[in-house]
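See below for the structure under consideration.
The values are calculated or read from the model by the stated rules, or taken from the named source; none is laboratory data. All figures in this text were calculated on a predicted structure; none of them were measured in a lab. Quick reminder, even Gly has a Cβ in these numbers, built from the backbone with ideal geometry, and neighbours come from all protein chains shown.
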Amino acid sequence: MLETPTEERVDVERLLEEMLELHGEGLARVLGALEPEARERLADDPVVSSMLLVHGLHPRPLEERVAKALASVRPYLASHGGDVVLLGIEDGVAQLLLKGSCNGCASSAATLELAVEKALDEEAPDLLGVEVEGAVDKVRSPAKLLPLVGWSELASTPEPGRLALGVPGLVVANVAGTLLAYRDACAGCGGSLLGGTLDDGNLECPSCGRSYSLPLAGRIVGQEDLQLQPVPLLESDGRVKVAT
């Protein structure tokens with residue numbers, strides 16, 4: 001049986017609507033009084049950015065924010081030998097194309113869910129949906145996309161050609177300026193990768209001597225059918241986050 005709204009509830013809802021309108025008008029006036037550079041700095045603040053989106057006042061177009069999100073995950077996609085291209089945005093839905101090894105591979109759906117969609121959720125939460133060629137199509141809901149996946153921000157990152165512990169159980173490598181994250185376990189012997197030699201993108205396990213190509217999704221260098229487990233890594237506004 002449907003509950004009939006009480007007069008008190010109607011009054012509260014009307015008051016909330018009026019407050020939102022007031023806040024929106026106030027924000028619009030504040031933005032209008034600021035220099036363009038100041039508006040851009042505010043747009044980089046995640047809290048302020050969310051407030052601006054609520055009132056439709058974000059200074060950056062949706063397509064620009066989507067492009068920024070995709071740029072932040074390209075290093076991770078490159079670790080799978082792939083890339084992502086924005087074909088366009090229509091009626092709030094982004095059309096994406098996965099290229100290279102990502103196209104049609106078994107990890108494509110996981111790659112989208114753990115990396116691309118997370119980046120889009122941070123930079124463009126007002127995006128209504130995603131249609132993807134080359135992987136299982138995914139449609140986003142307005143709610144949080146990844147309630148079961150945690151993300152940890154790294155306090156520091158390794159220098160080029162070095163390997164470091166990112167968070168417990170996960171290592172981060174700097175391959176010619178590109179950061180790549182992997183589970184800290186050799187696919188052959190199960191030993192820790194810390195202390196292994198990183199040479200031109202190839203990481204040698206310090207325990208068994210097996211070598212893995214990090215730019216090629218951690219595939220082993222040799223005849224064995226072994227591969228390290230890549231972990232999504234996002235870089236945005238000087239911050240680096242990894243899936244945990």
Give GLY81, GLY24 a once-over and let me know the one that is among the small types (Gly, Ala, Ser) and either modelled with pLDDT of 85 or more or on the phi > 0 side of the Ramachandran plot (or both).
GLY81
Considering GLN229, GLN223, which residue is surrounded by fewer than 17 Cβ atoms within 10 Å (Cβ to Cβ) and closer than 30 Å to VAL66 by Cα?
GLN229
Where a residue in region 223-243 is more than 16 Å from LEU203 (Cα to Cα) and its partner, wherever it lies, is part of a loop (DSSP other than H, G, I, E, B) and aliphatic (A, V, I, L, M), with Cβ under 8 Å and at least six apart:
VAL240/LEU154; LYS241/LEU154; VAL242/LEU154; ALA243/VAL149
Would you mention how many residues in region 149-166 are buried (at least 18 other Cβ atoms within 10 Å of the Cβ), in a strand (DSSP E or B) and modelled with pLDDT under 90?
1
At least 3 residues that are more than 30 Å from ALA124 (Cα to Cα) in each: list the strands (runs of 3 or more DSSP E) lying fully within region 200-244 that qualify.
202-204, 211-213
Out of the residues in region 100-113 meeting the condition of being out of contact with any helix residue (DSSP H, G or I) (no Cβ under 9 Å at 6 or more places or on another chain) and modelled with pLDDT of 55 or more, tell me which one is nearest to SER72 (Cα to Cα).
LEU112
So, in region 179-195, exactly how many residues are under 14 Å from GLY218 (Cα atoms) and buried (at least 16 other Cβ atoms within 10 Å of the Cβ)?
10
Within region 182-194, which residues are touching a residue at least 12 places away in the same chain (Cβ under 8 Å) and more than 23 Å from the chain's Cα centre (by Cα)?
ALA185, CYS186, ALA187, GLY188, CYS189, GLY191, SER192, LEU193, LEU194
